[in-house]
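Reviewing the structure listed below.
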Amino acid sequence: MNIYDEFFKGISPEDWEFFAADFLGAKGCVIESPPARGADGGKDMIVSFQGKRYIVSCKHFIKSGKSVAEKDESSFLERTKQHKANGFIGFYSTVVSQTLQDRLKGCEDNSFEYIIFDRNSISDYLPNMSCFILQKYGLPSPESFYYLNVPESEYQPLPCMECGKDILSDEMITLSMAGIAQDDNGRLHYIFGCKPCIGAYCDYYWLDHLQALYIEQLISWDRCIQDYLDNEDLHDSFWRNYFQHRSALMQRLYPSHLGLYPTALIQW
Ligand SMILES: [Zn+2]
């Protein structure tokens, strides 16, 4: 059982082609001729990658679960030549049959190459794609609700250091942050709270909580702190606050398979 099976099943056959276009676009392909909506279902999508042109064939057999067979791709070589392409990309929500695999392999030469993205390889790439693409095709939109990784009865609020409001509540996550502030003696403090309460003190690095809910963003944040704090004078409470913030935040992190934060920037 693949955790994305339900996700794949929720994509209509028509949208599967658009998903393929977004997926290949995210992997660096240029879409030369996009999938066509409507009656002309047989039209191939054309993409280019590193100077080569490929025709893309999308097969969405996830509901029946059957593999893509030779008869499903009987004319791949003719279509590739017809479009003056260098190769063929199969984009499949199931797997490829051995006979088709063998036939593709048999045709491989200087003027024809092929790449297969199947259920397994597509799944491998999904956690590294933007959550915007994934939610467009049915994964829950991170902005529409927040996760709770612990039972509700065990949830521990994180009070704003200034006003005491729980800054990890659904209402406050988007309005709160953590950051590093310097006191009059030059010592650094790790602080967290509502943006209006603490925003003005975060003269150094700061982390928006909406961003902090993505694990890869949290990793960047840690690296930032690690690089920055070398040789700095830290207040005694620095690491205690850091860990209080971190353990509370972990309660609300998004599962990594929902994709990446839309931009890869930590702001400061
Ligand atoms: Zn506050």
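The values are calculated or read from the model by the stated rules, or taken from the named source; none is laboratory data. Note that the structure is a prediction, hence the values are computed from the model and not measured. Because the Cβ atoms are built from the backbone with ideal geometry, glycine has one as well, and the counts that use them run over all protein chains shown.
Candidates are the residues of region 156-168 that are of a type outside the set (A, V, I, L, M, F, W, C) and touching a residue at least 60 places away in the same chain (Cβ under 8 Å); the one that is nearest to the ligand (Cβ to nearest atom) is Pro157.
Quick grid of which residues meet (1) within 24 Å of Tyr261 (Cα to Cα); (2) hydroxyl-bearing (Ser, Thr, Tyr); (3) within 16 Å of the ligand (Cβ to nearest atom):
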{"residue": "Val150", "(1), (2), (3)": "yes, no, no"}
{"residue": "Glu154", "(1), (2), (3)": "no, no, no"}
{"residue": "Ala181", "(1), (2), (3)": "no, no, yes"}
{"residue": "Asp184", "(1), (2), (3)": "no, no, no"}
{"residue": "Phe192", "(1), (2), (3)": "yes, no, yes"}
{"residue": "Gln211", "(1), (2), (3)": "yes, no, no"}
{"residue": "Glu232", "(1), (2), (3)": "no, no, no"}
{"residue": "His235", "(1), (2), (3)": "no, no, no"}
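In region 115-131, what residues are surrounded by 15 or more Cβ atoms within 10 Å (Cβ to Cβ) and at pLDDT 80 or above? If the condition is that a residue be surrounded by 15 or more Cβ atoms within 10 Å (Cβ to Cβ) and at pLDDT 80 or above, then Ile115, Ile116, Phe117, Asp118, Arg119, Ile122, Ser123, Leu126, Pro127, Met129, Ser130 are the ones that fit.
Could you tell me whether region 69-77 includes any residue that is assigned by TED's automatic domain parsing to the domain that holds Phe23, more than 26 Å from Ser12 (Cα to Cα) and surrounded by fewer than 18 Cβ atoms within 10 Å (Cβ to Cβ)? Step through it out loud before you land on a result.
Residues of region 69-77 that are assigned by TED's automatic domain parsing to the domain that holds Phe23, as a first pass: 69-77.
Still in the running and more than 26 Å from Ser12 (Cα to Cα): 77.
Pick out the ones that are also surrounded by fewer than 18 Cβ atoms within 10 Å (Cβ to Cβ) and you get 77.
The answer is yes, given that some residue of region 69-77 is assigned by TED's automatic domain parsing to the domain that holds Phe23, more than 26 Å from Ser12 (Cα to Cα) and surrounded by fewer than 18 Cβ atoms within 10 Å (Cβ to Cβ).
Considered as a group, the residues in region 169-179 that are among the aliphatic types (A, V, I, L, M) and more than 12 Å from the ligand (Cβ to nearest atom) include one that is nearest to Leu207 (Cα to Cα), and that residue is Ala178.
Counting only helices (runs of 4 or more DSSP H) that sit completely within region 1-89, those holding 3 or more residues that are at pLDDT below 90 correspond to 5-9, 13-26.
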